[in-house]
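K.L.:
Pasting in a structure now, in structure tokens, and then I'll have a few things to ask.
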Amino acid sequence: MTFELWWLLGLPLFFVLGWMAARIDIKDLMSESRGLPLSYFKGLNFLLNEQPDKAIETLLEVARNDPQTVELHFSLGNLFRRRGEVERAIKMHQNLLDRPDLDRKQRLEAVFELGQDFLKAGFLDRAENLFVKLKGTDLERQGLSFLVDIYEQEKDWEKAIEASRNIHKFHKVSKAKEIANYYCELALISLEKFDYSKAEGDLSQAMRENRKCVRSQIILGDISLRNNDFDRAIECWKKIEKQDPKYLSLVAQRLIDAYEAKGKAKQGLGLLAEYLSRYPSYDLLNIFGDGVCKFESTAQSYKLVRKEVVKNPTLLGLNKLLELQILDTKNN
């Protein structure tokens, strides 16, 4: 903030220095400096005395008295927004937008800045309307990022997909992960309506956008589980190992439940044991240990967990081991 105030107040000083360099004429210098608004120097004095609020008020006086200071209006509006004074920022940029003398570039900039003001204030509809107006202009690219933010907050996933595709078109930056996630959100909405066909269609689209979309495989497995298609559910979740094995812990309990529903709980535990040996993690260890407790015994769980903790010692693993030891003592 202080830097921007110095910049605003320094404009006339740079002007004066320019005169010095061009003319080296003290008389001309004095003449030009006398032509500067007194408020500039008042603001400079407030800034030197570490009174930024008074400096801002002084600059506002300059802006009010000199309607030609368009850039000063923009700078003050942005400064108010960064300070959290959104109402003042909105007023400043709205006043600019209402002026009939702005050229096209300045008017578009006012729309862009006012849209950011409304977004920060939480007026999503107003912000969206302004950013949409930037379509086909030089500021469309910047506006699209804010539109995606708005659509995410509004959970308007279809519009978020469209805006993200446009960002990719302009910036050549991949938005595949984000778009795949939006399709997953659409699938969840369909699931709430028990429209499994639509949900699976959205999940297939998510996979086309991003073949490593773990979330789509998790949800697809959940749909299969709802339909009592345990084999398909298991196959969906097992594919996560190739997509990104660090997320296997998210489906570990699901896998045990599916195998249990098939009457093959121990086979599920065997699969988790394999995962644990290849991708050691506390979350996997915790679920595996609980599963062994449930389907075998606490003593066996303690033995297997202890073996894993010896290979990959962690504080959380030791805590799990202590928990099992206490539980085994109570059972005996």
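The values are calculated or read from the model by the stated rules, or taken from the named source; none is laboratory data. Treat the numbers as computed from the prediction; the structure is a model and nothing was measured. Neighbour counts run over all protein chains shown; Cβ positions are idealised from the backbone, glycine included.
K.L.:
Tell me which residues, restricted to the stretch 88-134, are modelled with pLDDT under 90, surrounded by fewer than 22 Cβ atoms within 10 Å (Cβ to Cβ) and in a helix (DSSP H, G or I). If you could, list the steps in order and put the result at the bottom.
P.N.:
Quick first cut of the stretch 88-134, residues modelled with pLDDT under 90 only: 88-89, 91-103, 106.
Those left that are additionally surrounded by fewer than 22 Cβ atoms within 10 Å (Cβ to Cβ): 88, 91, 94-103, 106.
Residues satisfying the conditions are 88, 91, 94, 95, 96, 97, 98, 106.
K.L.:
Which of the helices (runs of 4 or more DSSP H) contained wholly in the stretch 211-327 include at least 1 residues that are β-branched (Val, Ile, Thr) and closer than 28 Å to residue 178 by Cα?
P.N.:
Values: elements: 214-226, 230-238, 240-243, 249-261, 265-278, 282-295, 298-311.
Output list reads 214-226, 230-238, 240-243, 249-261.
K.L.:
Another question, then. Restricted to the stretch 135-145, and to residues that are out of contact with any Leu (no Cβ under 6 Å at 6 or more places or on another chain) and in a helix (DSSP H, G or I), which residue is surrounded by the most Cβ atoms within 10 Å (Cβ to Cβ)?
P.N.:
So the first thing to find is which residues in the stretch 135-145 are out of contact with any Leu (no Cβ under 6 Å at 6 or more places or on another chain), and the list is 135-136, 138, 141-142, 144-145.
Add one more test, that the residue is in a helix (DSSP H, G or I), and what stays is 141-142, 144-145.
Numbers: 141: 14, 142: 15, 144: 23, 145: 13.
Among residues in the stretch 135-145 that are out of contact with any Leu (no Cβ under 6 Å at 6 or more places or on another chain) and in a helix (DSSP H, G or I), the one surrounded by the most Cβ atoms within 10 Å (Cβ to Cβ) is 144.
K.L.:
Report yes if some residue within the stretch 179-195 is within 25 Å of residue 258 (Cβ to Cβ), within 20 Å of the chain's Cα centre (by Cα), in a loop (DSSP other than H, G, I, E, B) and among the polar types (S, T, N, Q); otherwise report no.
P.N.:
Taking every residue of the stretch 179-195 in turn, none turns out to be within 25 Å of residue 258 (Cβ to Cβ), within 20 Å of the chain's Cα centre (by Cα), in a loop (DSSP other than H, G, I, E, B) and among the polar types (S, T, N, Q).
K.L.:
I'm trying to understand the selection: among the residues of the stretch 193-207, which are of a type in the set (A, V, I, L, M, F, W, C) and touching a residue at least 24 places away in the same chain (Cβ under 8 Å)? Steps first, please.
P.N.:
Within the stretch 193-207, the first condition is being of a type in the set (A, V, I, L, M, F, W, C), and the residues that meet it are 194, 199, 203, 206-207.
Answer for the stretch 193-207, where residues must be of a type in the set (A, V, I, L, M, F, W, C) and touching a residue at least 24 places away in the same chain (Cβ under 8 Å): 199, 206, 207.
K.L.:
Let me ask something else about it. Looking only at the stretch 78-137, filter to residues that are basic (Lys, Arg) and within 22 Å of the chain's Cα centre (by Cα); which one of those is farthest from residue 162 (Cα to Cα)? Spell out how you get there, then give the answer.
P.N.:
Just the residues of the stretch 78-137 that are basic (Lys, Arg), to begin with: 81-83, 88, 91, 99, 104-105, 107, 120, 126, 133, 135.
From what's left, within 22 Å of the chain's Cα centre (by Cα): 81-83, 120, 126.
Numbers: 81: 28, 82: 29, 83: 33, 120: 23, 126: 19 Å.
Residue satisfying both the conditions and the ranking: 83.
K.L.:
Looking at the stretch 132-153, I want the residues that are within 13 Å of residue 109 (Cβ to Cβ) and of a type in the set (Val, Ile, Thr) and have a partner that is modelled with pLDDT of 90 or more and assigned to a loop (DSSP other than H, G, I, E, B) with Cβ atoms under 8 Å, at least 6 apart or on another chain. Which pairs are those?
P.N.:
none
K.L.:
Are any of the residues in the stretch 68-87 on the phi < 0 side of the Ramachandran plot, part of a loop (DSSP other than H, G, I, E, B), at pLDDT below 80 and of a type in the set (S, T, N, Q)? Let's see the steps before the verdict.
P.N.:
So in the stretch 68-87, the residues on the phi < 0 side of the Ramachandran plot come out as 68-83, 85-87.
With part of a loop (DSSP other than H, G, I, E, B) added as a condition, the list becomes 68-69, 83, 85.
The next check asks that each one be at pLDDT below 80; those that pass are 68-69.
From what's left, of a type in the set (S, T, N, Q): 68-69.
Yes.
K.L.:
Hey, can you tell me all the residues within the stretch 154-176 that are farther than 23 Å from residue 108 by Cβ, charged (D, E, K, R) and buried (at least 16 other Cβ atoms within 10 Å of the Cβ)?
P.N.:
Matches in the stretch 154-176: 156, 175.
K.L.:
Kindly indicate whether residue 259 is under 26 Å from residue 166 (Cβ atoms) and crowded, with 22+ Cβ neighbours inside 10 Å.
P.N.:
So residue 259 fails the test.
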